[in-house]
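Quick notes on the structure that follows.
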């Protein structure tokens with residue numbers, strides 16, 4: 001590639017969004033197809049493996065000739081760099097999808113813990129009238145589960161249980177007055 005060609009390529013890149021793994025100016029169809037085979041081979045790619053994978057049984061005798069040609073194209077068209085760019089692009093897509101999945105799951109979890117907290121609140125309000133419906137153990141269990149789940153979803157709780165600031169590893173304890181008849 002001459003200096004003029006390089007300048008033209010740089011100008012095009014500045015004007016049009018271009019991904020390095022797309023077909024380059026001056027890259028023949030055969031060279032680009034070879035690059036695609038190399039690029040799509042995956043993280044363990046190398047030219048020889050990509051050549052061997054791309055050849056049919058009838059073409060097995062052409063491995064060395066094809067390998068030499070692909071090495072020339074690899075250098076000329078920066079295959080290693082372009083394949084690395086493609087890998088990064090795919091990784092960004094995967095990370096974006098994972099983030100979307102996690103956010104959707106968190107919304108479901110927040111909704112469920114919100115329902116749990118509303119049920120506990122209603123049950124606590126009703127306990128004065130019907131104390132036998134909700135036992136002390138059930139109140140503690142529901143409240144602890146709902147609060148810890150809500151905190152974990154919000155990213156507030158990061159230390160393992162028992163190592164959180166201000167806790168001694170003991171279970172949440174609620175003291176009821178002697179007048180409590182919910183047992």
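Bear in mind that the values in this text are calculations on the coordinates, not laboratory data. For clarity, every value in this text was computed on a predicted model and none was experimentally measured. Reconstructed Cβ throughout: ideal geometry from the backbone, glycine too, with neighbour counts over all protein chains shown.
Just a few scattered comments:
- Rg/Rh ratio calculated on Cα atoms of the stretch 3-77 (Kirkwood radius): 1.05
- Difference of contour (0.36 nm per residue) and Cα-Cα distance, residue 49 to residue 95: 13.8 nm
- Förster-model FRET efficiency, 35 Å R0, residue 104 and residue 33, C-beta, rounded to 0.05: 0.35
- Label-to-label distance, nm, for residues given as residue 25 and residue 88 (7 Å Cα→Cβ offset): 2.3
- Protection proxy ranking, highest mean first, for peptides 82-92, 55-65: 82-92, 55-65, where packing is the per-residue count of other beta-carbon atoms within 10 Å, averaged.
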